[in-house]
1. Among A:Gly244, B:Thr100, A:Ser191, pick out the residue whose Cα is farthest towards the positive end of the charge dipole of the protein assembly as shown, where Lys and Arg carry +1 and Asp and Glu carry -1 on C-beta, about the Cα centre.
2. Taking every DSSP beta bridge that has both residues in the protein assembly as shown, what percent is antiparallel when rounded to the nearest 5?
3. Place a +1 charge on the Cβ of each Lys and Arg in region A:145-203 and a -1 charge on the Cβ of each Asp and Glu, then give the dipole magnitude about the Cα centre in debye, rounded to the nearest 20.
4. Calculate how many DSSP beta bridges within chain B are antiparallel, expressed in % of all such bridges and rounded to the nearest 5.
5. Using just the Cα positions, wrap region B:159-260 in a convex hull and report its mean projected area in square nanometres, one decimal place.
6. If you average the C-alpha positions of region B:114-164 and of region B:28-42 separately, how far apart do those two centres end up, in angstrom?
7. Given label points at 7 Å from Cα along Cα→Cβ, what nm distances, shortest first, separate B:Arg131 from the same residue in every other copy?
8. Taking the Cβ of B:Ala155 as the centre, find all other residues whose Cβ is under 13 Å away and add up their charges (Lys, Arg: +1; Asp, Glu: -1).
There are 2 protein chains.
Amino acid sequence: MTGTDRSLQAGSPGAAPVVVLVQPQLGQNIGAVARAMKNFGLSELRLVDPRDGWPNEHAWASASGADDILGLAEVFATTAEAISDVGRVFATTARERGMTKTIVTPREAAVDLREAMGQGINCAILFGGERAGLGNDDIALADTVLSIPTVPGFASLNLAQAVLLTGYEWLLSGAETPARRLHYGDAAPASKEKLVGFFEHLEAELLEADFLKPPPKVPNMIRNLRNIFQRAHPTDQEVQTLRGVVRALVGRRQRGWPDS
Amino acid sequence: MTGTDRSLQAGSPGAAPVVVLVQPQLGQNIGAVARAMKNFGLSELRLVDPRDGWPNEHAWASASGADDILGLAEVFATTAEAISDVGRVFATTARERGMTKTIVTPREAAVDLREAMGQGINCAILFGGERAGLGNDDIALADTVLSIPTVPGFASLNLAQAVLLTGYEWLLSGAETPARRLHYGDAAPASKEKLVGFFEHLEAELLEADFLKPPPKVPNMIRNLRNIFQRAHPTDQEVQTLRGVVRALVGRRQRGWPDS
């Protein structure tokens, strides 16, 4: 099929960019690409002139659960046919080419992709084959070059890794995952009342044990101690545990054991 | 070696976090990790109790040029020994654990790592083995959990991919790569004088050809035309080419060829 029957509009609001592999070689790499796509919510795979034909059993062997993506993959004879229904095209390259074209990072590409797809524009990302990457004629079909930042002189990523990083940025650009959160498992943070109860318990015991002295330094010592435990954001259960620790240590001293 | 002779201070201002693989299984995955590290400027690899011993020839076979990292990799019996000289530890996990711990994305972790290493604090990132990831005892040694956002229900990444995404974020957090740039290859953008010269040439020819009319609409027609070419950010050479195109088309009309 040539794709000429498709609309330039993405089908659904949840649509993701199309991944186009141009002249990929090894089936196992195509499978690894499908797996990386699935990790990050990409689902539409197109293959331009795959060297070993299609379908390719090695792809299924390495897709690890992304068989659905392989099963729906479409094959085209040329890059132009593969992107005929697409409104914006990114071409991934590692090497500089002598072309005048805007170059973006995967992160910036993801912003562009969200913006374009939000307008209902179908988008595609081209990835070249394992040996030499995209040809200059493929890049000339693209609106923008996508270049993955690496250490200079060690830029080579394998095909699935390039798709992985691009997909990762795509997912993150729309993700609701908070960048930082304190995960409490099945527990909940202790109320401040319980925490302060523990502080007062500890401080009373420390006064009793003659640890908090001399008097002018005590307020600051107490603040420092409280900050240590405050910073740990303990749960109810952990506050109980800490109280048990204090009680146990006090009992040990009261029973006259060595402090060691 | 146990690492107890090392300082908590990172050795040099360019230092990067240490990658610690806890009970890795396949040598080829250790090699792929080294390669991913090298792509993104990580260089120090530590192995805790590698299943198949060390050195492992399969690692070298898959490292593709990151042999230096493998050659310097150190082996430890326990996670605690591997991080003895480290001041801040991140543990990568995909599964939720019943632990109270801060969870960050790789991007947020990179910010933390830059900040900590800027203070001279040695940092490490723990990655678990292929089969089951990090154990809860390993995670309890970490300050922070690093969790890579994925599509729910398809979270499994292979070891090298997890290192790749983490290294990518590390590099980007310090990178000077602009997110977007117009790359001119060997050329340079045309001066505005040359561009305007072309505009005026084109517009004169279009007036001559009776294209620019009626007069009230001409200013807007000219602005629209200029915007099209302006948006292309042409080089000197491209402006010359465009002038040639105009001349050629004019010559064709003047010679009385059909307009087709």
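Readers should treat all values here as calculations from the given coordinates under stated rules, not as data from a laboratory. Quantities reported herein were computed from a predicted structural model and do not represent experimental measurements. FYI the Cβ positions are ideal-geometry reconstructions off the backbone, even for glycines, and counts take in every protein chain you see.
1. The listed residue farthest towards the positive side: A:Ser191.
2. Details: 14 of 56 bridges.
Just about 25 percent of them are antiparallel.
3. On the way: 4 positive and 6 negative charges, 35 e Å.
The calculated dipole for region A:145-203 is roughly 160 debye.
4. Numbers: 3 of 24 bridges.
DSSP beta bridges in chain B are roughly 10 percent antiparallel.
5. On the way: hull surface 46.1 nm².
Reported value for the Cα convex hull: 11.5 nm².
6. Spelled out, the Cα-based centre of one part sits 15 Å from the other.
7. 4.0
8. Values: positive: A:Arg35, A:Lys38, B:Arg95; negative: B:Glu96.
Charge balance near B:Ala155 sits at +2.
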